[in-house]
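Read through the structure below, which is laid out as structure tokens, and then see the notes.
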Amino acid sequence: MEEFKLESYDNKNHRKEAAYIRAKKRVKELKGFYWHAFWYVVVNIFIVSTIASNTKDIWNFGTFSTPIFWGLGLGFHALAVFGKNLVFSKNWEERKIKDYMDKDKQQWK
């Protein structure tokens, strides 16, 4: 029977590999969202321009229903990719706190 030699697998290599896998997954999610946004723009420009060139009255719900509902789906996709802190991220909170503290310091000088 052949003897197997086990190499030590230190925690540092494991963390690097896990970080790489997380980064690769994040890039895939971002790429998927950007392709979704690209096709949203292209297809909806085509749809609205086709309707506009073939009818006199473009201002009805049917003209803009696809962009509206697809836009809602795109918005939910953005929330899934960028998280609930899309607008009010931790970085934004820290900047606003610093701004208010700086204004407060200037007021009491």
query: With respect to the cross-link table entries Lys31/Lys90; Lys16/Lys103; Lys16/Lys98; Lys28/Lys103; Lys31/Lys103, which display a Cα-Cα separation exceeding 31 Å?
result: Lys16/Lys103; Lys16/Lys98; Lys28/Lys103; Lys31/Lys103
- line: For the range 39-78, shape from the Cα gyration tensor axes a ≥ b ≥ c, cut at a/c of 1.5 then a/b versus b/c, turns out oblate
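Within 10 Å of each candidate Cβ there may be at most 15 other Cβ atoms; applying that plus a DSSP loop requirement, which chymotrypsin sites (Phe, Trp or Tyr not before Pro) in the range 10-109 survive?
The qualifying sites are Trp59, Phe88, Trp108.
None of the figures in this text is laboratory data; all of them are computed from the coordinates on show. Bear in mind the structure is a predicted one, so any value in this text is a computation, not a measurement. Positions of Cβ are generated from backbone atoms using ideal geometry, with glycine treated the same way; all protein chains shown enter the neighbour counts.
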